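Chemist: Please see the structure below; I have some questions.
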Amino acid sequence: MLAVAAVVLVVGGGLVWLVLGTGGSGPGGPSAPGPVALQGWKLTLPVEGDDGDAESVDPAAPTDPWLTTGPDGGLTFWAPASGATTKNSDHPRTELISTQDFTAGEDGPHTLAASLAVTQVPSDTKDIIIGQIHGSDDIKSVPYVMLHYRDGEIRAIVKQKQKGDEKEAFTLLTGVPLDERFDISITDAGDGSMTISATHAGSTQQATAQVPEAFRGEPVRFQVGAYQQADNPQGDDDGGRVTFYDISQ
């Protein structure tokens, strides 16, 4: 059970923050090693498929060197900065895409939870998107909620419109080193609200936000992996590498 030492409630910018000091691990915390289940996912790779777009593996399966399993049960995602991209993105990714759509703000609750460690970031931006709620069907080109690891910072972005740059952005954690395990979760509660949290070294920070009207009632899905955000690739070894120890939806 989570031991809560302190709660601080701050309202501002459309977000309600709950900052929790904990005596244990949060959702998706350390567990016995075991393979990460890939049922219910397909996989996007940073290589060109027959149509010139990024290749997809459906159903998802380990695909060397992009998605590999380790002796500790971890699943490592490698996305080179100079790889192939999907049609509507400038950034290569090795990413799991859920095959289970849901309706934003109305069909829930739905939660993406994961335990992971970032082991490499792109050399220029040091930024990787590690988890998302993403548009599906008619809005499949539209990202919606994006959880970034950027140079030790865990930061969430919530788009407010389907087109344009209007967004809410907030920091959950800072000072999370490479190679250290942490936990994340993104929940659509099904009542118009969302909760996003991150846990590292026994400390959890959590924020809630409303589902923007532009997305409420729209089909969406979870995505998770290494969606590296390099702007200027610095050679074949540049990119993002992330090991996941648990993924659930």
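The values are calculated or read from the model by the stated rules, or taken from the named source; none is laboratory data. Computed from a predicted structure; not experimentally measured. No Cβ is skipped: glycine too gets one built from the backbone with ideal geometry, and neighbour counts run over all protein chains shown.
Chemist: Picking from Pro109, Pro80, Pro27, which residue would you name as being within 18 Å of the chain's Cα centre (by Cα), at pLDDT below 85 and either of a type outside the set (Phe, Trp, Tyr) or closer than 25 Å to Val220 by Cα (or both)? I'd like the intermediate steps shown before the answer.
Modeler: On the way: Pro109 fails: at pLDDT below 85; Pro80 fails: at pLDDT below 85.
None of the other options fit; the residue is Pro27.
Chemist: Say whether the condition of being within 23 Å of Ala117 (Cβ to Cβ), in contact with a Gly (Cβ under 6 Å, 6 or more places away or on another chain), not in a loop (DSSP other than H, G, I, E, B) and not charged (D, E, K, R) is met by at least one residue in region 53-67.
Modeler: No: zero hits.
Chemist: A further question follows. When you go through (1) in a strand (DSSP E or B); (2) farther than 15 Å from Met146 by Cβ one by one for Asp237, which number turns out not to apply?
Modeler: (1)
Chemist: Moving on. Of everything in region 150-166 that's touching a residue at least 40 places away in the same chain (Cβ under 8 Å) and β-branched (Val, Ile, Thr), which residue is nearest to Thr125 (Cα to Cα)?
Modeler: Step by step, filter region 150-166, then rank; the result is Ile154.
Chemist: Now for a different question. Would you call Leu147 buried (at least 18 other Cβ atoms within 10 Å of the Cβ) and free of Cβ contacts under 8 Å to residues at least 60 places away in the same chain? Working first, answer last.
Modeler: Working: buried (at least 18 other Cβ atoms within 10 Å of the Cβ): yes; free of Cβ contacts under 8 Å to residues at least 60 places away in the same chain: yes.
Yes, satisfied.
Chemist: Can I ask one more? Conditions first: (1) crowded, with 21+ Cβ neighbours inside 10 Å; (2) part of a strand (DSSP E or B); (3) at pLDDT 95 or above. Ala230 passes all but one, so which condition is the exception?
Modeler: So the condition that Ala230 fails would be (2).
Chemist: Consider His148 carefully, then state whether it is in a strand (DSSP E or B), under 16 Å from Gln205 (Cβ atoms), of a type outside the set (A, V, I, L, M) and modelled with pLDDT of 95 or more. I'd like the intermediate steps shown before the answer.
Modeler: Working: in a strand (DSSP E or B): yes; under 16 Å from Gln205 (Cβ atoms): yes; of a type outside the set (A, V, I, L, M): yes; modelled with pLDDT of 95 or more: yes.
Criteria met by His148.
Chemist: Counting only residues that are acidic (Asp, Glu) and surrounded by 17 or more Cβ atoms within 10 Å (Cβ to Cβ), which one in region 169-188 is nearest to Phe244 (Cα to Cα)?
Modeler: Keep residues of region 169-188 that are acidic (Asp, Glu), which gives 179-180, 183, 188.
Those still in the list that are surrounded by 17 or more Cβ atoms within 10 Å (Cβ to Cβ) too: 183, 188.
On the way: Asp183: 10, Asp188: 22 Å.
Looking at residues that are acidic (Asp, Glu) and surrounded by 17 or more Cβ atoms within 10 Å (Cβ to Cβ), I get Asp183.
Chemist: Let me ask you something else. Criterion first (more than 20 Å from Ala214 (Cα to Cα) and assigned to a strand (DSSP E or B)) does Asp124 satisfy it? Steps first, please.
Modeler: Values: more than 20 Å from Ala214 (Cα to Cα): yes; assigned to a strand (DSSP E or B): no.
No: the conditions fail for Asp124.
Let's see how each residue does on (1) buried (at least 22 other Cβ atoms within 10 Å of the Cβ); (2) over 16 Å from the mean Cα position of the chain (by Cα):
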position: Gly190; (1), (2): no, yes
position: Ser197; (1), (2): yes, no
position: Ser203; (1), (2): no, yes
position: Thr208; (1), (2): no, yes
position: Val211; (1), (2): yes, yes
position: Ala214; (1), (2): no, yes
position: Phe222; (1), (2): yes, no
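Chemist: For region 74-103, which residues satisfy the criterion of being crowded, with 17+ Cβ neighbours inside 10 Å, in a loop (DSSP other than H, G, I, E, B), touching a residue at least 60 places away in the same chain (Cβ under 8 Å) and not charged (D, E, K, R)?
Modeler: Once the filter is applied, which keeps residues that are crowded, with 17+ Cβ neighbours inside 10 Å, in a loop (DSSP other than H, G, I, E, B), touching a residue at least 60 places away in the same chain (Cβ under 8 Å) and not charged (D, E, K, R), region 74-103 yields Gly74, Ala81, Gly83, His91, Pro92.
Chemist: Now for a different question. Give the residue, chosen from Ile154, Ile133, that is assigned to a strand (DSSP E or B), in contact with a Ser or Thr (Cβ under 9 Å, 6 or more places away or on another chain) and surrounded by 21 or more Cβ atoms within 10 Å (Cβ to Cβ). Quick ask: steps written out before the conclusion?
Modeler: Working: Ile133 fails: in contact with a Ser or Thr (Cβ under 9 Å, 6 or more places away or on another chain).
Sole residue among the options that is assigned to a strand (DSSP E or B), in contact with a Ser or Thr (Cβ under 9 Å, 6 or more places away or on another chain) and surrounded by 21 or more Cβ atoms within 10 Å (Cβ to Cβ): Ile154.
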